[in-house]
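J.: Shown below is the structure under consideration.
The values are calculated or read from the model by the stated rules, or taken from the named source; none is laboratory data. Quantities reported herein were computed from a predicted structural model and do not represent experimental measurements. FYI the Cβ positions are ideal-geometry reconstructions off the backbone, even for glycines, and counts take in every protein chain you see. The protein model used for the area step is the full one, side chains on, heavy atoms only, and it has no ligands, DNA or RNA in it. Shrake-Rupley method; radii C 1.70, N 1.55, O 1.52, S 1.80 Å.
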Amino acid sequence: GDTMLRYLIAVSLCLLAIGCSNKREEHAAKIYNMADKHAENREYDKAIALLQRIPVDYEDTSFASQAEDEISEWVKLRELHLTNQRQKVTTSFQRIDRALENYKLRFSHYPVTPKDLEKLPAIVIPDWNDVWGNPIHYRALYSSSTIPKHEPDGYALATFGQDGLPGGKGEDADLFFKNGKMTENLVEE
């Protein structure tokens, strides 16, 4: 009797362990597949965050090592995608810069008001949105306080990344362009 009871308990625990490991394998597979869908949509941060859970929460599954391998690949893809997005913004800034330089040649100063910006060639207008569909912001700048307000001698362009809000990292990072050059910020050091 006692041996039979131990045997049944051992078999039950074994079956329970197999059932649990199959459930854990299924959960890991679901997370892995969700991460894959995010990566297909170029939502690399979400994909990476999900994959990072697998080796921690499901280290005993076949997906643990797969997830670790994928993370480094998706980090590289995220960086490549981000570089591509930034390059597109830089190209937009450069096209606007050319139009602003032509405006300055014509009027001897940069635009001041939104009405002045309307005098820019129509070919530039589509560039007033960044790659994420958010507006590119323009501001007239003055190199000294003696320059008349209606004759700015500089300008700044800014985009606030995918979220459209100041501050942030990655695709949400701000990008600034001042007087023809990319710059870290608009404040003078």
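J.: What is the sum of charges around Ile136, taking Lys and Arg as +1, Asp and Glu as -1, for the other residues whose C-beta is under 9 Å from the C-beta of Ile136?
T.: Around Ile136, the charge tally is -2.
J.: Continuing with the same structure: Of (1) 2.16; (2) 1.72; (3) 1.08, which is the value of Cα Rg over 2.2 N^0.38 Å derived from the coordinates here?
T.: (2)
J.: Here is a further query. Using +1 at the C-beta of Lys and Arg and -1 at the C-beta of Asp and Glu, which of Ser62, Val124, Val187 has the Cα lying farthest in the positive direction of the dipole of the chain?
T.: Farthest towards the positive pole: Val124.
J.: I've got another one for you. Based on alpha-carbon atoms only, what is the radius of gyration of segment 28-86 relative to the globular estimate 2.2 N^0.38 Å? Before the final figure, lay out the partial values.
T.: Numbers: Rg = 11.4 Å, N = 59, 2.2 N^0.38 = 10.4 Å.
So the Cα radius of gyration is 1.10 times the expected 2.2 N^0.38 Å.
J.: May I ask you to derive the FRET efficiency for Arg24 and Leu77 from their Cβ-Cβ distance with R0 = 41 Å, giving the value to the nearest 0.05?
T.: Numbers: r = 28 Å, r/R0 = 0.68.
The calculated FRET efficiency here is 0.90.
J.: Nothing charged except the Cβ atoms of Lys and Arg (+1) and of Asp and Glu (-1): what's the magnitude of the dipole of segment 131-188 about its Cα centre? Round to the nearest 20 debye. Display every interim value, and only then the final one.
T.: Numbers: 5 positive and 8 negative charges, 32 e Å.
Computed about the Cα centre, the dipole is about 160 debye.
J.: Let me ask you something else. With every protein chain present, what is the per residue accessible area of segment 54-189 (1.4 Å probe, Å²)?
T.: Working: 8200 Å² over 136 residues.
About 60 Å² of surface per residue is accessible.
J.: Now, a different point. Please compute the length gained on full extension between Leu105 and His150, using 0.36 nm multiplied by the number of residues separating them and subtracting their Cα-Cα distance. Don't jump to the answer; show the numbers that get you there.
T.: On the way: separation 45, 0.36 × 45 = 16.20 nm, distance 1.54 nm.
Fully extending the segment from Leu105 to His150 adds 14.7 nm.
J.: Placing one identical point scatterer on every Cα of segment 94-136 and ignoring solvent, what is log10 I(q)/I(0) from the Debye formula at q = 0.17, 0.23, 0.24, 0.25 Å⁻¹?
T.: -0.45, -0.78, -0.83, -0.89
J.: Quote to one decimal, in nm, the extra length available between Asn84 and Asp174 on full extension: 0.36 nm per residue of separation minus the C-alpha distance between them. Walk me through the intermediate numbers first.
T.: Values: separation 90, 0.36 × 90 = 32.40 nm, distance 1.50 nm.
Difference between extended and current length: 30.9 nm.
J.: Still on this structure, I have one more. Place a +1 charge on the Cβ of each Lys and Arg in the chain and a -1 charge on the Cβ of each Asp and Glu, then give the dipole magnitude about the Cα centre in debye, rounded to the nearest 20.
T.: Numbers: 23 positive and 30 negative charges, 147 e Å.
Here the size comes out at about 700 debye.
J.: Multiplying the sequence separation of His137 and Asp36 by 0.36 nm and subtracting their Cα-Cα distance, what value in nm do you get? Provide the component values of the computation, followed by the final result.
T.: Details: separation 101, 0.36 × 101 = 36.36 nm, distance 3.49 nm.
The span from His137 to Asp36 would gain 32.9 nm if fully extended.
J.: OK, next. Two decimals is fine: what's Rg over Rh for segment 60-130, C-alpha atoms, Kirkwood radius as Rh? If you can, show how the numbers build up before the last one.
T.: Details: Rg = 21.4 Å, Rh = 15.3 Å.
Dividing the radius of gyration by the Kirkwood radius yields 1.39.
J.: Past 25 Å, Cα to Cα, is the threshold; run Lys149/Lys178; Lys88/Lys149; Lys104/Lys178; Lys23/Lys76; Lys30/Lys169 against it and keep the listed order. Intermediate results must be reported in sequence, preceding the final value.
T.: Numbers: Lys149/Lys178 18 Å; Lys88/Lys149 32 Å; Lys104/Lys178 15 Å; Lys23/Lys76 31 Å; Lys30/Lys169 28 Å.
Check vs 25 Å cut-off fails for Lys88/Lys149; Lys23/Lys76; Lys30/Lys169.
J.: How far, in degrees from 0 to 90, does helix 63-107 lean away from the longest principal axis of the Cα atoms of the chain, to the nearest 10?
T.: Once rounded, the angle reads 10 degrees.
J.: Then there is this: Can you pull the one-decimal nm distance between simple spin-label points at Asp163 and Asp57, each 7 Å off the Cα toward Cβ?
T.: Roughly 2.2 nm, to one decimal.
J.: To continue, here is another question. What does the net charge come to around Glu151 if you take all other residues with beta carbon closer than 14 Å to its beta carbon, with K and R at +1 and D and E at -1? Can you show the working numbers first?
T.: On the way: positive: Lys104, Arg106, Lys149; negative: Asp116, Asp153.
Charge balance near Glu151 sits at +1.
J.: To the nearest 500 deg cm²/dmol, what mean residue ellipticity at 222 nm is calculated for the chain from DSSP H runs of n ≥ 4 alone, each contributing -39,500 (n - 2.57), summed and divided by the residues? Numbers along the way, then the final one.
T.: Values: 4 runs with 102 residues, N = 189.
So the helix-based figure for the chain works out to -19000 deg cm²/dmol.
J.: Taking amide H atoms as placed 1.01 Å from N in the peptide plane, list the residues 5 or more away in sequence, or in a different chain, whose amide H sits under 5 Å from that of Thr183.
T.: Counting only residues 5 or more places away or on other chains, the set is Phe176, Phe177, Lys178.
J.: Let me ask something else. Given a Förster distance of 45 angstrom, what is the FRET efficiency for Glu184 paired with Ala122, based on the Cβ-Cβ distance and rounded to 0.05?
T.: On the way: r = 32 Å, r/R0 = 0.71.
In this case the efficiency is close to 0.90.
J.: Also, I was wondering about something else. Give the average over all directions of the projected area of the C-alpha convex hull of segment 117-189, one decimal, in nm². Present the calculation step by step, with values, prior to reporting the outcome.
T.: Values: hull surface 23.5 nm².
Mean orientational projected area (segment 117-189, Cα hull): 5.9 nm².
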